Each structure stands twice: as structure tokens, then as C-alpha cells.
Amino acid sequence: MTTTSETRHGINPANTQPNPPVPVSTQDDLDKAVKAAQDAFKGWAKTTFEERRKALLAWADAIDANAAGFGQTLTMEQGKPLTQSSAEVGMAGVWIRGLTAIEITDNVIEETEDRKVVQRHTPIGVVGAIVPWNFPVLLAVGKIAAAVYTGNTVIVKPSPFTPYCGLKLAELATNFLPPGVIQCLSGDESLGPLFTAHPQIGKISFTGSIATGKRVMAACASTLKRFTLELGGNDPAIICDDVDIDAIMPKIGILSYLCSSQICMMIKRLYVHEKIYDEFLNKLVTFVKTLKVGEGTEADTFLGPVQNQMQYEKAKNLFSSIGTENLKAALGGSIENSPGYFIHPTIIDNPPETSRVVQEEAFAPILPVLKWSDEDDVLERANALETGLGSSVWSKDFERATRMADQLQSGSVWVNSHFDVAPNAPFGGHKQSGMGVEWGLDGLLGYCNSQTQWLKKSF
């Protein structure tokens, strides 16, 4: 651990009070970190998968042993309820163990008496992992474990809004891995561009907004960096007329408002068949009213604050469109003054498809509920946007649901669920929701170069 000449602090979104000071890293700090990562790579790349797995599993055990502290820190910096913070920290160990259980083997393309042609997967070098503020533990761990398990070294850049858990994760990792293999640099908004421009960083793994992802991609072009982009979404969920409304209501309500809707794969557009629309909407309103809004440390809180003032102001701007576009709020509809960045859940009753609450990813607890009657029409509406991260279909008729699901244009598609993820399943987006995938075998291979060896036994 080292400090810097300048420090800054994050803000607790529940009360807008400053959190403890953290370093502000400069170009010089990044250069030193890259040099350390390059030096470490020379030895780490030569280790076996089993050696890397052993070290990472020890790190996972240590995260589990410190779960209570990580959970409290996560709630302090992100704002999510302690139950959700604890769940995220618990998932970190699951992801490390799941990713390191995946076997990466050579692919023998041809083998004759005279020669053998083999595809190998070799590490890229130094990886820059740029982590967002909504899941700063799980998404950091997913990038770190994938990079390190495949033989790379990694430098993590947590969001300036949520730097604390990222720094602690890297500090903890130093007990189990050689110096320079895992590092973390805290900084302000100027640090990300330094990562993407650095000529000795071989790959960028970025999770964040579409707009920033485009800038990352452009910056990587100057040095032909490898990159993986996991970007925003505006996920549709299609509710068919045969569903058991009471059975699915808790799932729909939770999957629309978890983490105050600050998850790229939450239900963002809810299409409900016109035959059940009125009953469904009334029961949705009733259920959502039961979700407690409050500080993450309070018992039974489900919706904490949105994470930062910038996101809060964006949400207020979007909420203003309810009035300017003459939309009907079935629940909520305004943002009340509070000590923190709190927003009570809002449901918009059948807005036009062209309205901002439908077209834009809110990243705040506002949900448009729209009617549909024709299957082809609702699929066209669901696929109409330039985003394609996730989507779902809900129906008792499994054949019907899968037929509709097959036509949805997104990286993840669910039937009778939403937001299912696993470390052994690839995750990424279609269209402007990203390029490449994280997790699963394909995600791991994204941290590797493909190398073809032509091995002749004689001249």
C-alpha cells in the first residue's frame, strides 16, 4: 500500500457525508504500477493453472473471512442495503471458485506422424480493469480472477464514487499472490483515460455506460489494445396472458427495483398482455408499495439511495418528463427532498413507446408498464432499441415462451426469470450493449492471445 500527494473522498449517498480519504493516482503512479505488473508478468505467466487456482482460492477464502467488513464498507460507499451488500460479497467467492474451475486446454487441430498443429491460449500481459460503481466488489473480482487465472497481471481502477472495497480487495490479495500481480489505483475522473492510452497495458476490461464505452474503444485503437466492453441496457420483460400473476409478482417487483434499479440487467421495460394488464398493474403497485426505502443500515430496507449526485440529477431530469410528456404515474412520479439521494419507486402506466422513460435507461427506480396484444408487434417493440443486454419472456406455455425468446436480440435471454447469472456462463451484450463477453470459457479466452503452433518432427 502506498499513498499519493493528493487525496480525495467518496460520498456516502445515504447522507451525503464524506467517506475516508483515498489516494488520487497520477500518470506517474500508473507508470510505476504498470512497470511492477510487467515485472511480475514475467514469472506469473510461467505458472500453471493449478498454481494460479490455488492462490486465487486462498484469496476467495480470505474475502469470505472478511465478509462482514466488506459488506459494511460496500453499504457505506454504494448505498445498497446491507443484505444486498452481503449477498454481493458472498457472490465474490462463488465467482472466483467458479471461474477457476473452468479448464482451458490446448486444441489439437491436426496430428500426423510428421507434424502436430496446436492452438494454445497465452496470456496477453498487463490488464486494466475498469470497474463501475453499482457492483464494485463482484465486478472487480470477476475481472481480476479471469485476468490472473489466465496468466496475466491486472491493475484495477475502481469508480471514483466507490473506491474503498476495490482497494481492500487488492490489499488482501497481496497476502496470496506475488507483488505486482494484482494492484489497484484509486483516482478521479482523469485516471480512466490514462489507462486506455497507456502503451504497456495490453487489454482493457470495461463495465460502464455506452457513451464512455465508445470513448474507451476509440482510445484503445491507438495502441491496438484488446478490449471487452460490458455496457448499458434497457431490458424488456414480456408478460404473456397465461401467467400466474400472484406467483410471479414478487419476482417481477424485485427484479425491477433491486439496487434501486441501478443494475444494467434489471427489468427496465415491462410489456404486459392487455387481457391481464389492469389486474397485473394493480397488483404490481400493491407489491411495490411494500418495498421499504431507507438507509442501507436500516432493517428491512430494500431500496437504498441512488449512488451519486450525478445519477440523482439525471434521474430528476428524467422524472421531469412525466409532466412534460403528460404521462400517467400509477405509483410515485416525483422525487422528494431528503438528506441523501433517495428516490421512491415510480410506475408509469402505459406510456407511449416514444417517451423518454421507455427509450432511455433510467438507472433509477422508475418503471414503464406497457400493453401488448400481438406477439410479432411486442417482439418488434422489445427489439427496437439500440441496446441488447438482456430480455425475458414469462408464460406457462414453455413452447410459446421459448419461441418468443428465440427472437429476442440480446446477449442474455431468460424464460420465466430475469437476471440469472453464473461464473461459468458467458455474459455480454448485443448491439450497443457491448463487445465481447465476460465469464465462462469464452470470457476467460478474452484474456488470452490465440497462438497456433506448427510442430514438425523433422526438417
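What to note about this one:
- The structure-derived value of Cα extents along the principal axes in Å appears in the list (i) 70, 56, 49; (ii) 62, 48, 48; (iii) 75, 59, 40 under the label (iii).
- Leading residue at positive end of dipole, segment 235-415 (Cβ point charges), from Ile245, Gly340, Ser256: Gly340
- Ordering of 453-459, 321-327, 421-427, 366-372 by packing [mean C-beta count within 10 Å, highest first]: 366-372, 421-427, 321-327, 453-459
- Segment 213-334, relative contact order in percent, only Cα pairs under 8 angstrom and at least six apart counted: 20 percent
- Dipole in debye (nearest 20) - segment 102-222, about Cα centre, beta carbon charges: Lys, Arg +1; Asp, Glu -1: 440 debye
- Taking every alpha-carbon pair in segment 235-415 and binning the separations at 5 Å intervals from zero gives 1, 8, 18, 22, 21, 15, 9, 4, 1, 0 percent.
- Highest mean packing first, where packing is the average number of other Cβ atoms within 10 Å per residue, the peptides 271-282, 252-263 line up as 252-263, 271-282.
- Beta bridge orientation in segment 314-459: antiparallel %, DSSP, nearest 5: 40 percent
- In segment 235-415, the DSSP beta bridges split such that about 10 percent are antiparallel, to the nearest 5.
- Percent antiparallel among DSSP beta bridges (both partners in the chain, rounded to 5): 40 percent
- Using a simple spin-label model with pseudo-atoms 7 Å out from Cα toward Cβ, Lys396 and Asn337 lie 5.1 nm apart.
- Charge tally in the Cβ shell below 13 Å around Thr47, where Lys, Arg are +1 and Asp, Glu are -1, Thr47 excluded: +3
- Potential lengthening between Asn326 and Lys292 on full extension [0.36 nm per residue; Cα-Cα distance subtracted]: 9.5 nm
- Averaging Cα coordinates gives a centre for segment 21-73 and one for segment 393-434; these two points are 33 Å apart.
- In the chain, helices alone account for a calculated mean residue ellipticity at 222 nm of -11500 deg cm²/dmol, with every DSSP H run of four or more residues adding -39,500 (n - 2.57).
- Contact order relative to length of segment 235-415, as percent, for alpha carbon pairs under 8 angstrom and 6 or more apart: 27 percent
- For the chain, the relative contact order works out to 19 percent when only alpha carbon pairs closer than 8 Å and six or more residues apart are counted.
- Between Ile245 and Lys456, the simple label model (points 7 Å from Cα in the Cβ direction) yields a spacing of 7.4 nm.
- Separation of segment 101-153 and segment 254-279, taken as the distance between their Cα centroids, equals 35 angstrom.
Where a number appears in this text, it was derived from the coordinates with a stated rule and is not lab data. This structure is a prediction, so every number in the text was calculated from the model and none was measured. When we count neighbours, we look across all protein chains shown, and the Cβ atoms used for this are built from the backbone with ideal geometry, even at glycine.
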